[in-house]
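One structure is given below, encoded as structure tokens.
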Amino acid sequence: MCWPQKRFDKESDWASCGLAQAEEKMNKRELQRLIVYMCCIILAVGFSQNVFGEGACTIDLSFVGSVDTPGWARGVAVAGSYAYVADEGALQVIDISDPTAPTIVGSVDTPGQAHNVSVAGSYAYVADNNSGLQIVDVSDPTAPTIVGSVDTPGIAYDVAVAGSYAYVADYFPGLKVVDVSDPTAPTIVGSVDT
């Protein structure tokens with residue numbers, strides 16, 4: 001008996017589903033990714049075939065508002081009544097207090113191609129491709145200003161901020177840990193190849 005009828009409590013249970021051979025050839029992380037991928041396929045097929053019952057897959061989604069940005073919107077973070085959009089070569093600040101009528105209220109050009117953004121306090125942290133991490137003061141949403149930056153050795157693709165540190169997904173060179181306790185002088189303090 002296999003999923004979904006049986007829960008796998010120990011590794012030997014996988015053998016009953018014919019995954020023992022795959023487990024021998026893959027490391028545990030690869031096997032976990034494969035299982036998640038297989039579950040997604042099962043759910044997708046189930047939803048598309050409506051096997052979960054009539055009306056079970058109905059989701060009412062509709063746009064309530066939108067705003068066209070000058071570049072290609074690649075990443076977004078929301079804080080309060082503002083959305084911060086990594087928009088190719090700029091950071092766009094969008095007032096979303098009225099979701100039916102979002103409005104660009106400020107922007108700042110970045111030296112690279114803004115891929116993603118994270119917001120913490122009065123600062124937006126922009127993963128800016130070949131230009132590393134850009135730190136933008138957004139205390140005045142109508143006049144965002146780059147106050148600090150640090151070049152990373154790779155291509156800054158994504159960023160997350162926790163406490164005094166920004167964690168930058170830097171493509172091939174892996175993860176870079178940046179001390180942002182002084183936003184005007186960020187410093188790479190650690191890294192790990194991924």
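The values are calculated or read from the model by the stated rules, or taken from the named source; none is laboratory data. This is a predicted model, so every value here is computed, not measured. In this analysis, Cβ positions are derived from the backbone assuming ideal geometry, glycine residues included, and neighbour counts consider all displayed protein chains. Calculation scope for accessible area: heavy atoms of the full protein, side chains included, ligands and nucleic acids excluded. Shrake-Rupley method; radii C 1.70, N 1.55, O 1.52, S 1.80 Å.
A few remarks follow.
- A full extension of the chain between Val76 and Phe63 corresponds to an added length of 3.0 nm, given 0.36 nm per residue minus the alpha carbon distance.
- Residue-by-residue Karplus 3J(HN,Hα) for the range 171-183, coefficients 6.51, -1.76, 1.60, Hz, glycine and proline x: 6, 4, x, x, 8, 10, 9, 10, 6, 10, 4, 10, x
- For Val147, the residues 5 or more places off, or on other chains, whose built amide H falls under 5 Å of its own are Ile135, Val136, Asp137.
- Taking 7 Å steps out from each Cα toward its Cβ at Thr142 and Thr187 produces label points 3.8 nm apart.
- Heavy-atom accessible surface of the range 116-181, averaged per residue, reaches 40 Å², computed with a 1.4 Å probe.
- Centre-to-centre separation between the Cα atoms of the range 144-162 and those of the range 60-114: 18 Å.
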